[in-house]
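Working notes, beginning with the structure itself.
The values are calculated or read from the model by the stated rules, or taken from the named source; none is laboratory data. Computed from a predicted structure; not experimentally measured. Glycine gets a Cβ as well: all are built from the backbone with ideal geometry, and neighbour counts include every protein chain shown.
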Amino acid sequence: MTAPDTVAPEAMFDQAVVSAAAEVEDTMRAELLSLIGREAAVVAAAPAGAGKSYFVSGTAGLLRREGLRVALVAPTNEQVRSLVARVKQLNPDLPVAFLHAQGRGLPPDIAALPGVSQPTAAEAQRNRDPLVIATVDKLADAFLRYGLGGFDVLVVDEAFQADAARYYAAANVAATHLLVGDTGQLDPFSPIDDAAYWRGGAEDPLQTAVGVLLRNHPSTAVHRIPITWRLAPAAVPIAKCFYPGHVFSAAVRPGVRRLTLVRPGPGSRSLAAVDRALDEAATQGWAHVTLPGTPVLTADPVTGEVIRDLVVRLLARGARARCEDRDPAENLRPTDIAVGVSHNDEKDLLRTLLGDAGLSGVTVDTANRLQGLTFEVMVAWHPLAGSPDIDAFHLDPGRLCVLLTRHRQACIVVGRDTDRALLEGIPPATPGYLGWDPDPVLDGWDAHEGVFRLLEPHVIPA
Amino acid sequence: MSAALDAFLAARVYETGRALRRTSLRHTYLADEPLGVVMWRLGGERFRAAAIAWGSLGGPFRLAVAGEPRNRDLYFRALTPFAVDLCARVRRAATQKVARQNGRQQELIPVGALQIAVPNRATVGALGLLGRYLAYLSDRGGVAPDPALIEAGKHLRFYARHTRVAGQSLLVPLDRLISEHWATLLSPFEQANLAALDAQIEPPSAVHAFDASAAAEARTRVGPDPAEDIDRVTEALLAEFNAARGGRADPLAVEPLIGPLRGHYQRLVDPVWQLMNRVVAREQQLPAAPSVQRRFEADREAFGRHVDWVASGGRYRTTDTPRQAAMTLRRLEDAHARYEADRAVEDPACMIPYLLSGNAIRGVVASVNEIRVAARVNRVRRTLIALDTDEPVVLPAGKELWWTATAGDYPWDVQAVSPLGAGSRVTLMLRAAPTPARLPTVGERITLSTLHTGPDAYHLPLPPDPPWTHRPAAPPLSPEPIDAGDSEPPPDAVDGAAVADPGRYV
């Protein structure tokens, strides 16, 4: 079926899905307002692209209009910077105080927005700034060092990424909390050898902020947001591999988003496989490019070159994207594209390759740094690509989830044709922990197997 | 670690027929005569030591055998000499103190610390469990256990927990010491046998490392958990012992009967003791890395705090509070990062994985030029170097690297990378004003990496009262004493054949 050239605005979104999500968000806000002044919390569990940042930023505006002091935090600097921009976008008149560590200030364009200030922690405490945005660590430091606190509400974005240790340090700034996060993303991580030492215990500092809250206060309401604004309908079945039991649907209707490419011209035979992958991704939303199987180093140069070729060719073929925000279609820019990897050396390799190709505007980063970000097209270096065996790090379902749920139009997964065989046979024995049900290795095994199965129709041998 | 380097070293070990050093320096402090401890448990009795051997390495060992370790009186009586000696050694080591400046404060830390060496990580776990068992003993029937047992329990618990600190050397499992310093053909599981590790390092003449370790593994059992054949012998001797004592536990009646069991464990400990002596003596020959003393100073500090705490009658919680866990995690992460950096920065062999993964570069300095660049207000002095590498370098502009000679100082930022012959020319700029100590010279071969050894970040202590989010809504029930039920008779054995399996297929 061919998608129509233009789509009426009211037909772009599935109104039933949108209404259901709005109802959940309204319920959460009402519940939060009813809890003000009490040591209590509301938890929002969301799939990828559920509009968490909009919800958080909108809620911050609502709380401010109620005359409440609000601290808004997230785990990373990138996340809080984009929160500042989003809060100002939704609430242009709202003053925002951004606390940051040395050398981690706002980009000039966001810092120049009216009402945005960047006080020191001591100044923020002295001024009693009514809306403070900071990383969890920075807010905790400001609280411990300068006593910055006395807020009415602490709003934690990406709360499934924040660990209990950091949450401990920041939790005292307000009695009432709103925790919003994506359950499918990477869990808190530590490089120490026995990070599982406390696992299962109430004191585990590496459980998520939501985990420790629910463990101690199991009656806390958890609301599941049933929508994804970012993902197109074709992306949802694969995304669901990472959210077992969570019912959600795409907000946009099929055909609203469209990625078009110029047909390959004469002399393109050497790039036939790349072109086939791009065509598959453009028409189906997915492509799984598989190189011949062989064990390789982590930062395999051949895989890196294939990814570079895909990105270069995507732009060379005049990719144009149409969606609910861009109608008529617009040319894809390098900043609309991201490459997601699992290791820093893969990131360095690709930044260099793309930089040499004049495409330094393409975002290249590890999965944990891409959390919360959105791109039109994503190229994902599969975590198991060319791996001789499997381990907990590469099987982590959160890593694959991040890589496969950043895109609005299409995602191209690059790996090797032996990767799936790693999951044949019996899953590895994994330790069990009293008081701790999740098993990232087995969950990852299941998620990877499900993804490989769903990508099967989209496999393009390189 | 690097899978590629491990594969290369394994191939070389296979080719040469003996283990290869994977470091050029020793990264663990080794005392002249650490206290050696060897432990054997009964199969399935994780909290009880059936036999403990201890003594200064280089000398003979003492052996404590309970006979029947499941009998509390026999067990405690056998353990008491070990506990008394351990407590005395700990106190002695902590007696003499030295002043150390910490910021504006002067603090006293022990001049030394008692170092304990055990054959493997499994023994660390066993000592930790023993310590946990002993440290919380309560009175039973109005009879208090010997205070030395409780104090020794606290010490063992402290030592076992301290092994979580990367690079520590208070309690040294020798299998880890060897695995960190030698490349062998053994899998992580096989490395638990110290005899197998040792045999790969010094195989008998004309015997390949693989065959030597297979033979050593079959010949020498290390403990603490007995293999089935050992347990079978133990079970027979234990049955004889119990039958002969007829339920008596008084020393006069029991001591004459314990000889066969003592002989059994003596035979098990003898080869392990020799092995530990050989391993420690060999590793002592390797020069220590410069940072070993600094890490041991941190060990001494922790040791001194522990001894002072125990001497003041302090007790440890059985589990951490959320605050303790959070602060411990920060401390362990700092120690981990610092140890990884120290090893690679000080030891070229440990830098190889970073060179392979692209997190380090090595080359010859082709030029050193001072320039001026615009800072916030003024133009400031900076230095550019051109580094010619033998291998092609893949690093994006802006990547920050530390020169190994100044890894605790400011980084260098990658400015540009261009091909040069088979390698690359990397231009780097120092992110600080140049001083002679900060600059390499033209022609010098240097290494830069992502690793740095600056002072650890200062973390503010967390609030002592946990926030409501980290407190249970309802307080948990108090646990029963850890030795509750010890005096009760064990339940009757279950005959598996007589029990219906609810999950079986019909």
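Of the residues that make up segment B:258-268, is at least one surrounded by 15 or more Cβ atoms within 10 Å (Cβ to Cβ), outside any loop (DSSP other than H, G, I, E, B), under 17 Å from the mean Cα position of the chain (by Cα) and in the same structural domain as B:VAL118 (by TED's automatic domain parsing)?
So far as segment B:258-268 goes, no, none of its residues is surrounded by 15 or more Cβ atoms within 10 Å (Cβ to Cβ), outside any loop (DSSP other than H, G, I, E, B), under 17 Å from the mean Cα position of the chain (by Cα) and in the same structural domain as B:VAL118 (by TED's automatic domain parsing).
Could you list, in sequence order, the residues of segment B:322-372 that are at the interface with chain A (Cβ under 10 Å from one of its Cβ atoms) and in contact with a Gly (Cβ under 8 Å, 6 or more places away or on another chain)?
Listed by number, the residues that qualify are B:ALA325, B:ALA335.
I'd like to know if segment B:134-143 contains one or more residues that are closer than 19 Å to B:GLU480 by Cα, in contact with a Pro (Cβ under 7 Å, 6 or more places away or on another chain) and assigned by TED's automatic domain parsing to the domain that holds B:VAL124.
Scanning segment B:134-143 turns up at least one residue that is closer than 19 Å to B:GLU480 by Cα, in contact with a Pro (Cβ under 7 Å, 6 or more places away or on another chain) and assigned by TED's automatic domain parsing to the domain that holds B:VAL124.
Take the residues in segment A:224-251 that are farther than 14 Å from A:GLN185 by Cα and basic (Lys, Arg); name whichever of them is nearest to the chain's Cα centre (by Cα).
Here the answer is A:ARG230.
Exactly one of these conditions fails for B:GLU180: (1) within 30 Å of B:PHE303 (Cβ to Cβ); (2) touching a helix residue (DSSP H, G or I) at 6+ places or on another chain (Cβ under 8 Å); (3) of a type in the set (D, E, K, R). Give me its number.
Every listed condition holds for B:GLU180 apart from (2).
For A:LEU214, only one of the following conditions fails: (1) surrounded by fewer than 20 Cβ atoms within 10 Å (Cβ to Cβ); (2) touching a residue at least 40 places away in the same chain (Cβ under 8 Å); (3) under 18 Å from B:LEU462 (Cβ atoms). What is its number?
(3)
Return the residues of segment B:441-492 that are farther than 30 Å from A:ASP345 by Cα, buried (at least 17 other Cβ atoms within 10 Å of the Cβ) and within 30 Å of the chain's Cα centre (by Cα); say none if nothing qualifies.
B:LEU462, B:ASP483
Identify, from the list B:LEU114, B:LEU79, the residue that is touching a residue at least 24 places away in the same chain (Cβ under 8 Å), under 23 Å from B:LEU171 (Cβ atoms) and assigned to a loop (DSSP other than H, G, I, E, B).
Values: B:LEU79 fails: assigned to a loop (DSSP other than H, G, I, E, B).
That would be B:LEU114, the only listed residue that is touching a residue at least 24 places away in the same chain (Cβ under 8 Å), under 23 Å from B:LEU171 (Cβ atoms) and assigned to a loop (DSSP other than H, G, I, E, B).
Taking A:ALA338 and the conditions (1) away from chain B (no Cβ under 12 Å); (2) at pLDDT below 90, which numbered condition does it fall short on, given that it satisfies the others?
(2)
If a residue must be in a loop (DSSP other than H, G, I, E, B), more than 25 Å from the chain's Cα centre (by Cα) and polar (S, T, N, Q), how many such residues does segment A:268-308 contain?
Of the residues in segment A:268-308, 2 are in a loop (DSSP other than H, G, I, E, B), more than 25 Å from the chain's Cα centre (by Cα) and polar (S, T, N, Q).
If you go through segment A:423-434 one residue at a time, do you hit one that is part of a helix (DSSP H, G or I) and of a type outside the set (Ser, Thr, Tyr)? Steps first, answer last, please.
As a first pass, look at segment A:423-434 and keep what is part of a helix (DSSP H, G or I): A:423.
Next cut, of a type outside the set (Ser, Thr, Tyr) only: A:423.
Yes, that holds for at least one residue.
Kindly establish whether A:LEU332 is in contact with a strand residue (DSSP E or B) (Cβ under 9 Å, 6 or more places away or on another chain), within 30 Å of A:GLY267 (Cα to Cα) and within 11 Å of another protein chain (Cβ to nearest Cβ).
no
Between a first residue in segment B:441-470 that is more than 11 Å from chain A (Cβ to nearest Cβ) and a second residue that is outside any strand (DSSP E or B) and basic (Lys, Arg), which pairs have beta carbons less than 8 Å apart while being 6 or more apart in sequence or on different chains?
Between residues of segment B:441-470 that are more than 11 Å from chain A (Cβ to nearest Cβ) and residues that are outside any strand (DSSP E or B) and basic (Lys, Arg), the close pairs are B:THR453/B:ARG338; B:ASP456/B:ARG338; B:PRO464/B:ARG323.
For segment A:109-208, which fully contained helices (runs of 4 or more DSSP H) count at least 1 residues that are of a type in the set (Gly, Ala, Ser) and more than 9 Å from every other protein chain (Cβ to nearest Cβ)? Please lay out each step first, then the result.
Values: elements: A:121-127, A:136-146, A:164-170.
Those helices (runs of 4 or more DSSP H) span A:121-127, A:136-146.
Which of the residues spanning segment A:333-366 are within 17 Å of A:GLU78 (Cα to Cα) and in a loop (DSSP other than H, G, I, E, B)?
A:GLY361, A:VAL362
Residue-by-condition table, conditions (1) at pLDDT 95 or above; (2) of a type in the set (Gly, Ala, Ser); (3) within 25 Å of A:ARG269 (Cα to Cα); (4) crowded, with 17+ Cβ neighbours inside 10 Å:
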{"position": "A:ILE307", "(1), (2), (3), (4)": "yes, no, yes, yes"}
{"position": "A:ASP325", "(1), (2), (3), (4)": "no, no, no, no"}
{"position": "A:THR352", "(1), (2), (3), (4)": "no, no, no, yes"}
{"position": "A:LEU359", "(1), (2), (3), (4)": "no, no, yes, yes"}
{"position": "A:ALA380", "(1), (2), (3), (4)": "yes, yes, yes, yes"}
{"position": "A:PRO383", "(1), (2), (3), (4)": "yes, no, no, yes"}
{"position": "A:LEU400", "(1), (2), (3), (4)": "yes, no, no, yes"}
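For segment A:239-260, which positions are crowded, with 20+ Cβ neighbours inside 10 Å and assigned to a loop (DSSP other than H, G, I, E, B)?
Selection gives A:TYR243, A:PHE248, A:ALA251, A:VAL256, A:ARG257.
Just to be sure before I move on: is B:ALA183 in contact with an Asp or Glu (Cβ under 8 Å, 6 or more places away or on another chain), farther than 22 Å from A:ASP194 by Cα, away from every other protein chain (no Cβ under 14 Å) and aliphatic (A, V, I, L, M) in the structure I sent?
yes
Could you please find all residues in segment A:309-332 being part of a helix (DSSP H, G or I) and among the acidic types (Asp, Glu)? It would help to see each step written out before you state the result.
Here is the first cut: in segment A:309-332, the residues part of a helix (DSSP H, G or I) are A:309-316.
Listed by number, the list holds a single entry, A:ASP309.
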